[in-house]
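Worksheet for the structure shown next.
The values are calculated or read from the model by the stated rules, or taken from the named source; none is laboratory data. Treat the numbers as computed from the prediction; the structure is a model and nothing was measured. Note: ideal-geometry Cβ built from the backbone for every residue, glycine included; neighbour counts use all protein chains shown. All accessible areas refer to the heavy atoms of the entire protein, side chains included, with ligands and DNA or RNA removed. Shrake-Rupley method; radii C 1.70, N 1.55, O 1.52, S 1.80 Å.
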Amino acid sequence: MEHVTRIVIIGGGPGGYEAALVAAQLGAEVTVVDRDGLGGSAVLTDCVPSKTLIATAEVMTTFDSSYEELGILVADGTPDAADPARVVGVDLGKVNRRVKRLAIAQSHDITQAVTRAGVTVLRGRGRLGSSGQAIDGSREVLVDHTDGRVESLRADAVLIATGVRPRELPDAQPDGERILAWTQVYDLEELPRELIVVGSGVTGAEFAGAYQALGSNVTLVSSRDRVLPGEDPDAAEVLEDVFRRRGMNVMSRSRAETVKRVSARTDAAEGPSSPKAGKEGGIGDRVEVTLSDGKVITGTHCLMAVGSIPNTADLGLEEAGVAVNDWGQIKVDRVSRTSAPGVYAAGDCTGVFMLASVAAMQGRIAMYHALGDAVQPLNLKTVASNVFTDPEIATVGYTHADVSCGKMDAVEIKLPLRGNPRAKMQGIRDGFVKLFARPGTGIVVGGVVVAPRASELIHSISIAVDNNLTVEQVANTFTVYPSLSGSTAEAARQLHIRKREGAGS
Ligand SMILES: Cc1cc2nc3c(=O)[nH]c(=O)nc-3n(C[C@H](O)[C@H](O)[C@H](O)COP(=O)(O)OP(=O)(O)OC[C@H]3O[C@@H](n4cnc5c(N)ncnc54)[C@H](O)[C@@H]3O)c2cc1C
């Protein structure tokens, strides 16, 4: 009888469910064990909900920042020059209901697709069994069902894709009402009037920008010199400048030590109010954030965005011989193998590159490897990523940091969007296209786009990086006139000219 490979996947986010689809297509018998619903945090609490919220924020920003210049008349109100966002308002309860509806619908769609592919989906908590590897090489996975039953499954290969959860500071515990983790913001019915966002990484910056656009007065507490410390420094500078111009209070080199709820102030020193912002006036309806230098700031709500913790503690990893690093992330190689034979890991729990696309790729690669299919090891140098602020910041390939530390020998060019005809027509002033290319060959090795919808514009640079195209090839490819992508071709053209001049001198 033909042996059918049994695959058990713990965690049904992009790392898990994409792997399940591939394994089923390759003929394996696949079971996915998931605690919270297929799609994982990506679909239920992180990626999809935040981008749906940001979709509303984006409309608000586009309107606020361009209606005057583009000659739009608002029929039922005169804009307040000090607070133009208030020409239009946001019903946060309605926005959040839409966010949750879309997330649940997407989780449902994924469950249907996975089940249709023949995958068994179990709702419960999975962990590696203590019986280790059996003589036939198989492993045991235990499933703690919600009704208390414990089921034992045998698998020829196990994939762990359990993701991460928000990191909590001991003296800043989220309560879901005023002190919030990013997973809790979608239960708010009214817009926070004064929101303090702690943490200026991608998550903090995205939420700070979004709530500012929706009408909150936002203070962004950043422990570093500038926002987005992991991103291209020029891009981060543009964003911080935009944030400040829009009235956000960006506090650099400020570390939050404690966050607690306090009662409303009765004095007249309340911050500026917004007609759509949340009501308060009762006990514990304000928050107080104490910084490490002793300074205290107050607001109506505080959103904590101080990183994440991998969900790897109760999986029986140590007993199974699966090595983790000091942060609890599972160590994997480029084909997603862990240190234990037959056990693979994918996605955020490995800490390799915390993106849904990378999680999915790691999961698929694990299955190709486990099931003996052709496999290309993970290549992080072609990953495109995006920060969904306004403007967006999209990046691919080698970065400024790689070039400045000598990891990659490349020349770079930065072309501000200000000179782009389409940008002028659309009233876009902030942003640029940056390209990195090898000095001799002119091969494009990386790029950054800071623009509205940079997530769409980066694709041409991704194709160039992925296919070793030269700046000359990019420059000679037609772009639509007028278009923002014209700036990518123009940047390539300028680098090409510079290369020729360099060669001629
Ligand atoms: C606010 C925010 C916005 C983001 N936006 C984007 C974006 O726009 N684009 C992007 O590419 N990435 C984004 N990310 C990152 C993206 O969400 C993650 O990279 C992605 O979710 C990782 O997928 P995963 O499969 O590793 O884990 P997850 O999506 O976290 O899924 C893990 C699943 O495993 C389950 N699980 C955990 N432990 C167990 C257990 N013991 N047994 C059974 N099930 C278990 C969990 O319940 C969950 O369902 C964002 C992250 C955050 C925080």
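I'd like to check something: does region 291-306 contain any residue that is within 16 Å of the ligand (Cβ to nearest atom), in a loop (DSSP other than H, G, I, E, B) and surrounded by 15 or more Cβ atoms within 10 Å (Cβ to Cβ)?
Yes, region 291-306 contains at least one residue that is within 16 Å of the ligand (Cβ to nearest atom), in a loop (DSSP other than H, G, I, E, B) and surrounded by 15 or more Cβ atoms within 10 Å (Cβ to Cβ).
Before we move on, is Ile365 of a type outside the set (Phe, Trp, Tyr), crowded, with 19+ Cβ neighbours inside 10 Å, under 22 Å from the mean Cα position of the chain (by Cα) and away from the ligand (no atom under 12 Å from the Cβ)?
Yes, satisfied.
Restricting attention to region 422-463, which residues are in a helix (DSSP H, G or I) and touching a residue at least 24 places away in the same chain (Cβ under 8 Å)?
Residues satisfying the conditions are Arg422, Ala423, Met425, Gln426, Ala454, Ser455, Leu457, Ile458, His459, Ser460, Ile461, Ser462.
Restricting attention to region 405-419, report how many residues are within 17 Å of Glu237 (Cα to Cα) and part of a strand (DSSP E or B).
Total meeting the criteria: 4.
What is the number of the single condition among (1) within 19 Å of the chain's Cα centre (by Cα); (2) at pLDDT 95 or above; (3) open to solvent by 50 Å² or more (accessible area, probe 1.4 Å) that Arg261 does not meet?
(1)
Being more than 15 Å from the ligand (Cβ to nearest atom) and either surrounded by fewer than 24 Cβ atoms within 10 Å (Cβ to Cβ) or in contact (Cβ under 8 Å) with a residue 60 or more places away in the chain (or both) is the filter here, so list the residues in region 213-229 that pass it.
Result: Ala213, Leu214, Gly215, Ser216, Asn217, Thr219, Val221, Ser223, Arg224, Asp225, Arg226, Pro229.
Tally up the residues in region 112-126 that are touching a residue at least 12 places away in the same chain (Cβ under 8 Å) and open to solvent by 60 Å² or more (accessible area, probe 1.4 Å), please.
3
Any residue in region 336-362 that's in contact (Cβ under 8 Å) with a residue 12 or more places away in the chain and within 13 Å of the ligand (Cβ to nearest atom): show its pairings with residues that are open to solvent by 10 Å² or more (accessible area, probe 1.4 Å) and of a type in the set (Phe, Trp, Tyr) at Cβ separation under 8 Å, as long as the two are six or more apart or on different chains.
Ser336/Tyr344; Gly351/Trp327
Kindly indicate which of Gly176, Gly148, Gly163 is within 14 Å of the ligand (Cβ to nearest atom) and either modelled with pLDDT of 95 or more or over 26 Å from Ala359 (Cα atoms) (or both).
It is Gly163.
With a cut-off of at least 3 residues that are in contact with a strand residue (DSSP E or B) (Cβ under 8 Å, 6 or more places away or on another chain) and modelled with pLDDT of 95 or more, name the helices (runs of 4 or more DSSP H) lying wholly within region 8-105.
In region 8-105, 14-25 are the helices (runs of 4 or more DSSP H) which contain 3 or more residues that are in contact with a strand residue (DSSP E or B) (Cβ under 8 Å, 6 or more places away or on another chain) and modelled with pLDDT of 95 or more.
Considering Val411, Val383, which residue is within 11 Å of the ligand (Cβ to nearest atom) and under 23 Å from Pro439 (Cα atoms)? Talk me through it step by step, then tell me what you get.
Numbers: Val411 fails: within 11 Å of the ligand (Cβ to nearest atom).
Of Val411, Val383, the one residue that is within 11 Å of the ligand (Cβ to nearest atom) and under 23 Å from Pro439 (Cα atoms) is Val383.
Under 7 Å between Cβ atoms, which residue pairs at least 6 apart in sequence (or on different chains) link something in region 42-59 that is within 18 Å of Glu18 (Cβ to Cβ) with a partner that is more than 7 Å from the ligand (Cβ to nearest atom) and open to solvent by less than 10 Å² (accessible area, probe 1.4 Å)?
Close Cβ pairs (under 7 Å, with a partner that is more than 7 Å from the ligand (Cβ to nearest atom) and open to solvent by less than 10 Å² (accessible area, probe 1.4 Å)) amount to Val43/Ala103; Leu44/Ala103; Val48/Ala103.
Restricting to region 310-335, and then to whatever is part of a loop (DSSP other than H, G, I, E, B) and within 21 Å of the chain's Cα centre (by Cα), can you tell me which residue is farthest from Ala134 (Cα to Cα)?
Filtering region 310-335 for residues that are part of a loop (DSSP other than H, G, I, E, B) and within 21 Å of the chain's Cα centre (by Cα), the one farthest from Ala134 (Cα to Cα) comes out as Trp327.
Which residue pairs have Cβ atoms closer than 9 Å, lie 6 or more positions apart in sequence or on different chains, and pair a first residue in region 306-327 that is more than 28 Å from Val202 (Cα to Cα) with a second residue that is among the polar types (S, T, N, Q) and within 12 Å of the ligand (Cβ to nearest atom)?
Listed by first residue and then by second, the contacts come to Leu315/Thr162; Val322/Thr312.
Only one residue in Glu177, Glu189, Glu194, Glu240 is open to solvent by 10 Å² or more (accessible area, probe 1.4 Å) and under 30 Å from Gly397 (Cα atoms), so which one is that? Before you say what the answer is, go through the steps one by one.
Details: Glu177 fails: under 30 Å from Gly397 (Cα atoms); Glu189 fails: under 30 Å from Gly397 (Cα atoms); Glu194 fails: under 30 Å from Gly397 (Cα atoms).
Unique residue meeting the criteria: Glu240.
Would you check which residues across region 134-170 are under 30 Å from Val289 (Cα atoms) and open to solvent by 90 Å² or more (accessible area, probe 1.4 Å) and list them? Can you show your working first?
So the first thing to find is which residues in region 134-170 are under 30 Å from Val289 (Cα atoms), and the list is 163-170.
If the condition is that a residue be under 30 Å from Val289 (Cα atoms) and open to solvent by 90 Å² or more (accessible area, probe 1.4 Å), then Arg165, Arg167, Glu168, Pro170 are the ones that fit.
Which one of these does Glu140 not meet: (1) touching a Ser or Thr at 6+ places or on another chain (Cβ under 6 Å); (2) closer than 30 Å to Arg255 by Cα; (3) assigned to a strand (DSSP E or B); (4) within 15 Å of the ligand (Cβ to nearest atom)?
(2)
I'd like the residue in region 179-192 that is within 14 Å of the ligand (Cβ to nearest atom) and in contact (Cβ under 8 Å) with a residue 12 or more places away in the chain and, out of all such residues, is nearest to Gly12 (Cα to Cα).
My answer is Thr183.
Consider Ala451 carefully, then state whether it is in contact with a Lys or Arg (Cβ under 7 Å, 6 or more places away or on another chain) and within 15 Å of Gly486 (Cβ to Cβ).
Details: in contact with a Lys or Arg (Cβ under 7 Å, 6 or more places away or on another chain): no; within 15 Å of Gly486 (Cβ to Cβ): yes.
Spelling it out, it is not the case that Ala451 is in contact with a Lys or Arg (Cβ under 7 Å, 6 or more places away or on another chain) and within 15 Å of Gly486 (Cβ to Cβ).
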